[in-house]
Amino acid sequence: MKVAVLALQGAFAEHETMLQRLGADTFQVRQLSDWQQHKDALVIPGGESTTQLNLLEHLNLLVPIRNAIHDGLPVFGTCAGMILLACQEDGKPRQGFGTMDIDVRRNAYGRQMGSFHTVQAVNGIGDDIPMTFIRAPYAHGLLSSSAKVLSQVDGHIVAVQQDRQLATAFHPELTDDTRMHEFFLHIATS
């Protein structure tokens, strides 16, 4: 399994480390020539979604990545990655990949000082999944029956799966628990 990791901003190195621990080959995507390599899946890390969107457009990566996801490339977006995958933000069409039928709220948990850590069950994975939230979004609506809630914290949707797309509001790459990444690799190979 060869996984592309978008490396424009955020904890992309931590995602790579986690995936490599699980036996996946990884490579960083920083420009269009990187993207043109063979890949079996994609990870979109956290960071700042507006900055990432601007860089994706400037580097001519937005459309080819969107097309690949539409064509079935498995993708795992964390935090800002969830925002970039979402079709809507607060009920309005969202610029980005727009491949996941969710409505998100950016920085829903507040500023950097509102960051927190908790453990919660994730459907299909198990109990006590560690979750680190940093200026995190959450999904406050599903826009189709193909999007499935995997986990909620305080009534807010923090993990969603739609076909071969997985999105979390939290950062599983910032813990030692590999179960979210294992789940993604399972999605990518099924």
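Read the figures in this text as sums done on the coordinates, not as results from a lab. On a predicted model such as this, the values are computed, not experimentally measured, just so you know. Cβ: placed from backbone, ideal geometry, glycine included. Neighbour counts: every protein chain shown.
Can you tell me, using C-alpha contacts under 8 Å and at least 6 residues apart, the relative contact order of region 37-190 as a whole percent?
Reported as a whole number, the value is 22 percent.
With no solvent and one point per C-alpha, what does the Debye sum give as log10 I(q)/I(0) for region 12-72 at q = 0.16, 0.20 Å⁻¹?
Here the Debye-derived log intensity ratios amount to -0.56, -0.87.
For region 137-190, rounded, prolate or oblate, judged on the Cα gyration tensor with a ≥ b ≥ c (square roots of eigenvalues), a/c < 1.5 rounded, else prolate if a/b > b/c?
oblate
By a straight-distance test (C-alpha under 14 Å), which aspartates and glutamates pair with Lys92 as possible cross-link partners, with residues fewer than eight away in the same chain excluded?
Filter leaves Asp101, Asp103.
Under a GNM of the chain (C-alpha, springs under 10 Å), which listed residue has the highest mean-square fluctuation: Gly91, Gly47, Gly81?
Comparing Gly91, Gly47, Gly81 in the GNM, the peak value goes to Gly91.
Provide Glu14, Glu173, Glu182 in ascending order of the number of other Cβ atoms located within 10 Å of each residue's Cβ, fewest first.
Glu182, Glu14, Glu173
State the extension gain, in nm to one decimal, for the chain segment bounded by Thr189 and Asn107, taking 0.36 nm per residue of separation less the distance between their alpha-carbons.
Stretched fully, the Thr189-Asn107 segment lengthens by 26.3 nm.
What ranking do Asp101, Asp177 get, fewest neighbouring Cβ atoms within 10 angstrom at the top?
Lowest count first: Asp177, Asp101.
Where does each of Asp90, Asp71, Asp40 land when they are ranked from fewest to most other beta-carbon atoms within 10 angstrom?
Working: Asp90 12, Asp71 7, Asp40 15.
Fewest to most other Cβ atoms nearby, the residues stand as Asp71, Asp90, Asp40.
Using a cut-off of 15 Å between beta-carbons, work out the net charge of the residues near Leu61 (Lys and Arg +1, Asp and Glu -1, Leu61 not included).
Taking every Cβ under 15 Å from that of Leu61, the sum is +1.
Against the globular-protein guess of 2.2 N^0.38 Å, express the Cα radius of gyration of region 2-189 as a ratio, rounded to two decimals. Let's see the in-between values first.
Values: Rg = 14.8 Å, N = 188, 2.2 N^0.38 = 16.1 Å.
Working it through for region 2-189, the quotient is 0.92.
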